[in-house]
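Data first, discussion second: the structure below is written as structure tokens.
The values are calculated or read from the model by the stated rules, or taken from the named source; none is laboratory data. Since this is a predicted model, take the numbers as computed values, not measurements. Every residue, glycine among them, receives a Cβ derived from its backbone with ideal geometry; neighbour counts consider all protein chains shown. Surface areas here come from the heavy atoms of the whole protein model, side chains and all, with no ligands, DNA or RNA. Shrake-Rupley method; radii C 1.70, N 1.55, O 1.52, S 1.80 Å.
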Amino acid sequence: MTTASTPKGERRRQALVVAAAQLLAEGGFDAVRHRAVAERAGLPLASTTYYFSSLDDLVSAAVEYESRQELAAGRERLAELAEQPRSTDAVIELMLDLLLGAGSRDRGAEPVLLRYERLVGSPRRPYLAPLMRELTAELHDLLAEIFARSGMAVSRERLSELVMLVDGAVVNALIESDPDPRSAARRMLRAQLG
């Protein structure tokens, strides 16, 4: 048994992943550095290279952790949504949480901008491509289930169109320095689903 596979080792590894995910959400890919992650986790610098073979490995773990946390939160909200009467607004808000992040509800453009910078920057990191495809497929599955359980079943093609419309509305809002890109996306979805 190696130190990394002991309960203490797993806790340390997880602390590094959580710290890296926080830094990623706050400052994008450039914020995830060995020293910054170790300091945020309260662990020695050497722990980042002990538990992760490379910075790319650590970034991948952070992206996966953050995305899986958001998917889990979306699944919990889906269970709550299924118990309530059908509401287009509730579906729209859940979709926006999943596409833009829950931080977009009340923190304005900055968390949305950081999220889109990460999404657009991920193709420059080929090691992320398989993970991004997997996570995108899971996200689309969850979105399809949200619509289906809300009595608003949409085809996969229509779902892709809705996601692209949100992306277009958000990017346009960011270009125009709109302080609330979520509102632009909300208006677009209401026009499409209303």
Residue tally, condition closer than 22 Å to L81 by Cβ and among the aliphatic types (A, V, I, L, M), over region 148-194:
14
Here is a check on your reading of the model: is L55 under 23 Å from F29 (Cα atoms), crowded, with 17+ Cβ neighbours inside 10 Å and not small (G, A, S)?
no
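Of the residues in region 24-52, how many are open to solvent by 20 Å² or more (accessible area, probe 1.4 Å) and under 25 Å from L99 (Cα atoms)?
Of the residues in region 24-52, the ones open to solvent by 20 Å² or more (accessible area, probe 1.4 Å) are 25-27, 29-31, 33-36, 39-46, 49-51.
Remaining after also requiring under 25 Å from L99 (Cα atoms): 25-27, 29-31.
Total meeting the criteria: 6.
Does D89 fit the bill of being more than 19 Å from G27 (Cα to Cα) and surrounded by 15 or more Cβ atoms within 10 Å (Cβ to Cβ)?
Numbers: more than 19 Å from G27 (Cα to Cα): yes; surrounded by 15 or more Cβ atoms within 10 Å (Cβ to Cβ): no.
Judged against the criteria, D89 is not a match.
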Inspect region 66-76 for any residue being under 30 Å from L193 (Cα atoms), over 15 Å from the mean Cα position of the chain (by Cα), at pLDDT below 95 and open to solvent by 40 Å² or more (accessible area, probe 1.4 Å) and give the result as yes or no.
yes
Which members of region 161-191 meet the condition of being more than 18 Å from V120 (Cα to Cα), surrounded by fewer than 16 Cβ atoms within 10 Å (Cβ to Cβ) and in contact with a helix residue (DSSP H, G or I) (Cβ under 6 Å, 6 or more places away or on another chain)?
P179
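Tell me which helices (runs of 4 or more DSSP H) are completely within region 1-105 and hold 1 or more residues being under 30 Å from L143 (Cβ atoms), or say none if there are none. Spell out the reasoning first.
Details: elements: 7-27, 34-41, 46-51, 55-82, 88-100.
Correct list: 7-27, 55-82, 88-100.
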Output the number of the condition that R115 fails; it satisfies all remaining conditions of (1) of a type outside the set (A, V, I, L, M, F, W, C); (2) touching a helix residue (DSSP H, G or I) at 6+ places or on another chain (Cβ under 6 Å); (3) crowded, with 18+ Cβ neighbours inside 10 Å.
(2)
A137 versus (1) open to solvent by 30 Å² or more (accessible area, probe 1.4 Å); (2) within 19 Å of R190 (Cα to Cα); (3) aliphatic (A, V, I, L, M): which is the lone unmet condition?
(2)
Where a residue in region 97-110 is at positive phi and its partner, wherever it lies, is open to solvent by less than 20 Å² (accessible area, probe 1.4 Å) and β-branched (V, I, T), with Cβ under 9 Å and at least six apart
G101/V112
Just wondering, is there one or more residues in region 94-103 that are open to solvent by 50 Å² or more (accessible area, probe 1.4 Å) and charged (D, E, K, R)?
no
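Just for region 140-160: of the residues that are of a type in the set (A, V, I, L, M, F, W, C) and in a helix (DSSP H, G or I), which one is most open to solvent (accessible area, probe 1.4 Å)?
First, the residues of region 140-160 that are of a type in the set (A, V, I, L, M, F, W, C): 142-144, 146-148, 152-154, 159.
Those left that are additionally in a helix (DSSP H, G or I): 142-144, 146-148, 159.
Values: L142: 7, L143: 1, A144: 23, I146: 2, F147: 1, A148: 59, L159: 2 Å².
Taking the candidates together, the pick is A148.
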Return the total of residues in region 36-56 being closer than 20 Å to L128 by Cα and without any contact (Cβ under 8 Å) to a residue 40 or more places away in the chain.
7
Please work out which one of (1) over 30 Å from R190 (Cα atoms); (2) within 13 Å of the chain's Cα centre (by Cα); (3) open to solvent by less than 20 Å² (accessible area, probe 1.4 Å) is the condition S122 fails and give its number.
(1)
